[in-house]
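As structure tokens, the structure follows; a few thoughts come after it.
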Amino acid sequence: MKSVMAVLVLATSWGAPAQPYFTAAWALAPEAWTALPNRAQFVGIPVARFAPEIGGLAFFGVENEGELLAQNAYLYLDGDFFLLGIREGEWTTTLRGSRDGAELVILGPGAPEALSSLAILEALGLLPAEGLIALSQKEVPHKLPAPPKGVKLDPVLWALVSHPDWLGFAQAQGLERIGIRVRVVAELSAPLAAAWEPYIRSSTQKLAELLLPIPLLPTLGRDPAVKLVRPPYTPVPAGGRP
């Protein structure tokens, strides 16, 4: 069995002191992605897979998302993307990414030492080939960070992309989420390319509503046909109270 060492490397944090977390990234071997669903089933991790034919989640090992998130470990699969969540006492370990690479996010008190979640990553074949995880410390900013020039995302959506807790942040911000997708509206200057068609739920000449995997938000925000990607507006009844 491969030995894994976590090396803590302190990096520049985001602005004023806020909620700290630790992160690392590495490439995934092609066989790791291919084998992930079967390995998850073998070790007893329940799975929620986005099923395009029903426009929602299909569950394996549990009946619904409430049961899924009540487990100590759970896995979302959505096309080329995934999110693995592992709870261990006061610590939460998340591995999220695509068939090409993964980002590790560790949330908890103090600095992480020996976490048994690494054994789960090893059982799933998701550890880096060199057996070394170099962690950098970051912090959740108090204010929403502005998206970089050329990425036409609403600040809430840009903050979601880099937030250590996609599920919790989406809920706190009132975003409609299905698995690791969120419902967004793209304001358009031209029709979207055909590549976006699988994610479009409705469209007009000037607007398109999409149910989009979170990792694809920056790509949509860079599309030349897009003026702005934002959450859908929430209707407010007469009188100004929701």
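Where both residues lie in the chain, what percent of DSSP beta bridges are antiparallel, nearest 5? Intermediate values should be presented prior to the final figure.
Numbers: 52 of 62 bridges.
About 85 percent, rounded to the nearest 5.
Calculate, in nm to one decimal, what Gln173 and Val43 gain on full extension: separation in residues at 0.36 nm each, minus their alpha carbon distance. Could the numbers behind the result be given before it?
Working: separation 130, 0.36 × 130 = 46.80 nm, distance 3.36 nm.
My answer for the length gained is 43.4 nm.
Can you tell me which of 76-83, 115-122, 172-179 comes out highest on packing, and rank the rest after it, using the mean Cβ neighbours within 10 Å?
On the way: 76-83: 20.5, 115-122: 17.5, 172-179: 15.2.
In decreasing order of mean packing, 76-83, 115-122, 172-179 become 76-83, 115-122, 172-179.
Pull out the extension gain between Ser202 and Ala70, defined as 0.36 nm times the separation in residues minus the alpha carbon to alpha carbon distance; nm, one decimal. Present the calculation step by step, with values, prior to reporting the outcome.
Working: separation 132, 0.36 × 132 = 47.52 nm, distance 3.31 nm.
Taking Ser202 through Ala70 to full extension adds about 44.2 nm, to one decimal.
At 0.36 nm per residue, and after removing the present C-alpha to C-alpha distance, how many nm does the segment from Arg183 to Ala119 gain when stretched out fully?
Numbers: separation 64, 0.36 × 64 = 23.04 nm, distance 3.42 nm.
Length gained between Arg183 and Ala119: 19.6 nm.
Where the accessible area of segment 86-242 is counted over protein heavy atoms with a 1.4 Å probe, how much of it, in %, is carbon and sulfur?
Numbers: 4300 of 7820 Å².
Here carbon and sulfur together make up 55 percent of the probe-accessible area.
Could you tell me what percent of the DSSP beta bridges with both partners in segment 48-180 are antiparallel, to the nearest 5? Intermediate results must be reported in sequence, preceding the final value.
On the way: 24 of 26 bridges.
Bridges in segment 48-180 are about 90 percent antiparallel.
So what is the accessible area of the chain per residue, in Å², with the probe set to 1.4 Å?
Values: 12590 Å² over 242 residues.
Accessible area per residue: 52 Å².
Using each residue's phi in segment 128-137, evaluate 6.51 cos²θ - 1.76 cosθ + 1.60 at θ = phi - 60° and report the 3J(HN,Hα) Karplus result to the nearest Hz, with x for Gly and Pro.
x, 4, 7, x, 10, 10, 9, 8, 10, 8
For the chain, what does the helix formula give at 222 nm: sum of -39500 (n - 2.57) over DSSP H segments with n ≥ 4, over the residue count, nearest 500 deg cm²/dmol? Walk me through the intermediate numbers first.
Working: 6 runs with 45 residues, N = 242.
The helix contribution divided over the chain gives -5000 deg cm²/dmol.
May I ask for the distance between the Cα centers of segment 194-215 and segment 48-99, given as a whole number of Å?
So the separation of the two Cα centres works out to 23 Å.
What is the helix-to-structure angle for 30-42, meaning the angle in degrees between its Cα long axis and the longest Cα principal axis of the chain, kept from 0 to 90 and rounded to the nearest 10?
Taking Cα atoms only, the helix is inclined about 80 degrees.
Given a Förster distance of 51 Å, report the FRET efficiency between Leu132 and Tyr233 from their Cβ-Cβ distance, rounded to the nearest 0.05.
So, using R0 = 51 Å, E works out to roughly 0.65.
Calculated from the structure, Cα extents along the principal axes in Å equals which of (i) 58, 44, 37; (ii) 97, 38, 27; (iii) 54, 37, 33?
Only one listed value fits the structure, namely (i).
Explain nothing, just compute: Karplus ³J(HN,Hα) = 6.51 cos²θ - 1.76 cosθ + 1.60, θ = phi - 60°, for every residue of segment 147-164 in order, whole Hz, x for Gly and Pro.
x, x, 4, x, 9, 8, 10, 4, x, 4, 5, 5, 5, 4, 4, 9, 5, x
The values are calculated or read from the model by the stated rules, or taken from the named source; none is laboratory data. Computed from a predicted structure; not experimentally measured. All Cβ positions, even for glycine, are placed from backbone atoms using ideal geometry, and neighbour counts span all protein chains on display. For accessibility, only protein heavy atoms count, side chains too; no ligands or nucleic acids. Shrake-Rupley method; radii C 1.70, N 1.55, O 1.52, S 1.80 Å.
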